[in-house]
1. State all residues of region A:46-75 that are buried (at least 17 other Cβ atoms within 10 Å of the Cβ), more than 10 Å from chain B (Cβ to nearest Cβ) and either aromatic (Phe, Trp, Tyr) or farther than 19 Å from A:PRO119 by Cβ (or both); if no residue qualifies, say none.
2. I need a count of the residues in region A:44-71 that are among the hydrophobic types (A, V, I, L, M, F, W, C), touching a residue at least 60 places away in the same chain (Cβ under 8 Å) and under 20 Å from A:ARG401 (Cβ atoms).
3. Do the conditions hold for A:GLN347, that is, is it polar (S, T, N, Q), surrounded by fewer than 19 Cβ atoms within 10 Å (Cβ to Cβ) and not assigned by TED's automatic domain parsing to the domain that holds A:ASP464?
4. Anything in region B:68-106 that is among the charged types (D, E, K, R), more than 21 Å from the chain's Cα centre (by Cα) and under 23 Å from B:ASN225 (Cβ atoms)? List them, or say none.
5. Please indicate, with yes or no, whether at least one residue in region B:33-50 is closer than 14 Å to B:ILE275 by Cα and either polar (S, T, N, Q) or free of Cβ contacts under 8 Å to residues at least 24 places away in the same chain (or both).
6. Restricting the search to region A:460-495, which residues are among the small types (Gly, Ala, Ser) and within 23 Å of the chain's Cα centre (by Cα)?
7. Which helices (runs of 4 or more DSSP H) does region B:111-195 wholly contain that include 3 or more residues that are hydroxyl-bearing (Ser, Thr, Tyr)?
Amino acid sequence: MGDLTPRARRPWRAVPAAVAASSLLLLAACSGESEEGGAGLDNTEASMTDFAADQQFKATEPVDFSILWTDWPELPIKDSWQLFDEIEKRTNVTLQPTNIPFSDATEKRSLLISAGDAPQIIPLVYTGEDAPFVSSGAVLPMSDYVDLMPNFQKYVEEWDLGDMIDNLRQDDGKYYMVPGLQEVSVPVFSMIIRKDVFDEVGAEVPETWDELRVALEKIKAKHPDSKPLADGFEGQSMLNYAAHAYGTVAGWGFGNGTFWDEGAGEFTYAATSDGYKEMVEYFHGLVEDGLLDPETLTTTSDGSVNELSEKVANSAVYAASGASGTVAEFQLALQEADPDAEFELVQIAPPGGPAGQVVEPRNFWHGFMLSAEAKDDPHFVALVQFLDWLYYSPDAREMLRWGVEGETYTKDADGTITIDPDYSLDAYNINPDAKTDLAKDLGFSTFLAESTESRALKESYNSDQFVEYMDRVLESRTPRDPFPPAPLDDAELEQASLLATPLKDTVDTNTLKFILGDRPLAEWDDYVTELEGQNLQGYLDLINGAQQRFAEKN
Amino acid sequence: MQRATSSPSVRSAGTPVGARDTRGYRAFTVFNTVALVVVSLFMLYPFVTVLAQSFSSPGAIKAGMVSFWPVGFNLDTYRAMAQDGLFWSSYRNTLVYTLVGTTIAMVLTTTFAFVISKRHLRGRGVLIGVAVFTMFFNGGLVPNYVLISSLGLKNTMWAVVLPGAVSVFNLLVMKSFFENLPQELEEAAQIDGLGWFGIFGRIVLPLSKAVLATMVLFYSVAYWNDWFSAFLYLDKNELFPVTLFMRNLIAGASSSASEGAAAVGATTQAVSANIQAVTMILTIIPIVCVYPFVQRFFVSGVMLGSVKG
């Protein structure tokens, strides 16, 4: 009945488009900021004159800063959180959060920014998400102010992230967000195997895709009814980490479809490369021999994680894509199906392939942007210093994750962190029986905590299994080098998305068809011709042009 | 005197008085019943599943064992939900928004509709035009947001309640209903000395119970289900209606299993299907209870409008 009223019919999915369109109109007037650096600013009230890396920031007078706060359903924000008190105690800064529900956080964020109503601090910004706001001038070019951020600069250098920072630059040579820095980064999603079953049939933990195939064949021989390999994410996850081993990009990691050819010094299209073909052939072979469950490649990802758990529980699948959380899910399903079941689930490093033991390039985590109005605040310099401390100083990182030393956790001489027995961290299954939860009750270990992490801090809270996985990846795999930046201007951006969308559709459809055997691999050349017919060359010229222009400018 | 024995009507009691049903008609009835039962079973199935899930253990749901009947009976989630302060404060918000919103909407819609139902009113065309215009054109998202926020309505109940207070569709339905009331009634009332407010309050409204009930239903369901304006204009979770609470719970959880969250390495722990089910059940109960009571008005209301056209 509610559908009959126009109000209820309002299509919320149109939000991003509407926001983008209106933002251009509304904020066109705001663009064209002056190009001064951070050093020459005179709104220095409450700031520290001698702020340096690894030093405690404390505003010289109490100040309020507003911040956008994404509200996770299982972790609703509370004013009483000790997190806010502790920040205030240490820095004289009171954070004023604006809540947005997690379910539609990005839409609401776009709306607030476009309406000029955003809080000063806009956190939870992933790389690339700043691009839509660049031309409107609604957010500040952070690259102009990094000289006010000693901690940021120190850790960019120490963790060797300088080149990656340069890749954040937009067409105008500036970057508008500063990311969370990770000392080490490993793929979150890789393959989870039933190690007990692999052991049972005498198969090693596979280090390459070929070894995996051998192992799967052995399992198939022993359990002929099973289709031992599956992917609960429409194949997108598996293609993503497999692609790196085949020297290409696919699945979730397909991005805009281009792949940097080091030798030729230009971008080529990933989905027409030999590596891509080889990968598709490999997976088609698995499907043909009944080693890869084709059903899981076609069911939509919403419910199929459940369906996949079901298959794992019923011993129809022995290896599947997933993250550490998926391991827990599979465990739960296996135990539910048979409380006495004995099994060992292990997340393994992504297998290598023809391109070597290569995994995805190192990643940034989410960082923050500042809304344009922040610059008119008399406390602007203090704001930037505060954020530099909060996001990048080791003291702040430890506080955001573990709380207050001596109260919620202790740290021994060699830096090992132990949680106080009165506190729990349910999200990581630490001390689950204690009454007070660090995250739910005190606000620590919320999203701010994960943004920047040293390796030691990362290892302090993750399960031994995950740490093992991390160590394994770090010692035996090489991250692929990042591609050079090729930022497009507004007009090019539109043209590129017009070209890229149909290309990607063709690639997605045909990748699946080739793998499932609906289209014979002999037609590969026809498929390449089809892509060329969709102006593939024009698209590549656009990207390569942007890359060359950027290289000349910077 | 012995009417009972001699009367043929007693003998034939229980059989239809009119023409006998043809075989074709009976076959149709059987087929119709079966088809409708099957269709309604299909429609009920999701509800039953959610109900069963709300009483099941999370593990059983994960393993896909729950369809019609609870597996691993569990009341803990209901117990936990009963103690969740945020859920109940959202619930209270929804009740308040629905009650206040429906009241305001009904007052505005009935009075507006009554005025524009009078054919002799000068400028009537303009008034209708103003309303209908908003059906086809609106300012768009950002301008609306800027309007609401510069009116100072942001983060108040009024931001949720006022923008939807006059639904043009409802207004037009009501207008044509009022137009169809016999003009003679009003004339008689005027002769007896009633003014326009008297006519409206003492003659027209009592005669319009059917359409009023229908409108109350439309408005209250719309307010109850509305999460979008709350999502746009409210920034504090203590002001959120329960629908937004639920949307966050469900959309948030399912998107954590999807590409966006996964590609960036979501740290969300998925909210279990069990909790989702419990929230859904608790949220739909009141509005489901309202339906049967308003239904009869609703049916007669629609018929009235159509027959009298």
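The values are calculated or read from the model by the stated rules, or taken from the named source; none is laboratory data. Just so it is clear, the model here is predicted, and its values are computed rather than measured. Please note: Cβ atoms are built from the backbone with ideal geometry, for glycine as well, and neighbour counts cover all protein chains shown.
1. Across region A:46-75, the qualifying residues are A:SER47, A:MET48, A:PHE51, A:ALA53, A:PHE57, A:LYS58, A:PHE65.
2. Quick first cut of region A:44-71, residues among the hydrophobic types (A, V, I, L, M, F, W, C) only: A:46, A:48, A:51-53, A:57, A:59, A:63, A:65, A:67-69.
Now drop any that are not touching a residue at least 60 places away in the same chain (Cβ under 8 Å), which leaves A:46, A:48, A:51-53, A:57, A:59, A:63, A:65.
Remaining after also requiring under 20 Å from A:ARG401 (Cβ atoms): A:53, A:57.
Adding up the residues that qualify gives 2.
3. Working: polar (S, T, N, Q): yes; surrounded by fewer than 19 Cβ atoms within 10 Å (Cβ to Cβ): no; not assigned by TED's automatic domain parsing to the domain that holds A:ASP464: yes.
No; evaluated as a whole, the condition is false for this residue.
4. If the condition is that a residue be among the charged types (D, E, K, R), more than 21 Å from the chain's Cα centre (by Cα) and under 23 Å from B:ASN225 (Cβ atoms), then B:ASP84 is the only one that fits.
5. Quick first cut of region B:33-50, residues closer than 14 Å to B:ILE275 by Cα only: B:49-50.
Now narrow it down to the ones that are either polar (S, T, N, Q) or free of Cβ contacts under 8 Å to residues at least 24 places away in the same chain (or both): B:49.
Yes, region B:33-50 contains at least one residue that is closer than 14 Å to B:ILE275 by Cα and either polar (S, T, N, Q) or free of Cβ contacts under 8 Å to residues at least 24 places away in the same chain (or both).
6. From region A:460-495, those among the small types (Gly, Ala, Ser) are A:460, A:463, A:476, A:486, A:491; that's our starting set.
Once the filter is applied, which keeps residues that are among the small types (Gly, Ala, Ser) and within 23 Å of the chain's Cα centre (by Cα), region A:460-495 yields A:SER460, A:SER463, A:SER476, A:ALA486.
7. Here the list reads B:141-150.
To keep it simple, each residue is scored yes or no on (1) surrounded by 15 or more Cβ atoms within 10 Å (Cβ to Cβ); (2) of a type in the set (Phe, Trp, Tyr); (3) touching a Pro at 6+ places or on another chain (Cβ under 9 Å).
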position: A:PRO479; (1), (2), (3): yes, no, yes
position: A:PHE483; (1), (2), (3): yes, yes, yes
position: A:LEU488; (1), (2), (3): yes, no, no
position: A:ALA496; (1), (2), (3): yes, no, no
position: A:PHE514; (1), (2), (3): yes, yes, yes
position: A:ASP518; (1), (2), (3): no, no, no
position: A:TYR539; (1), (2), (3): yes, yes, no
position: A:GLN547; (1), (2), (3): yes, no, yes
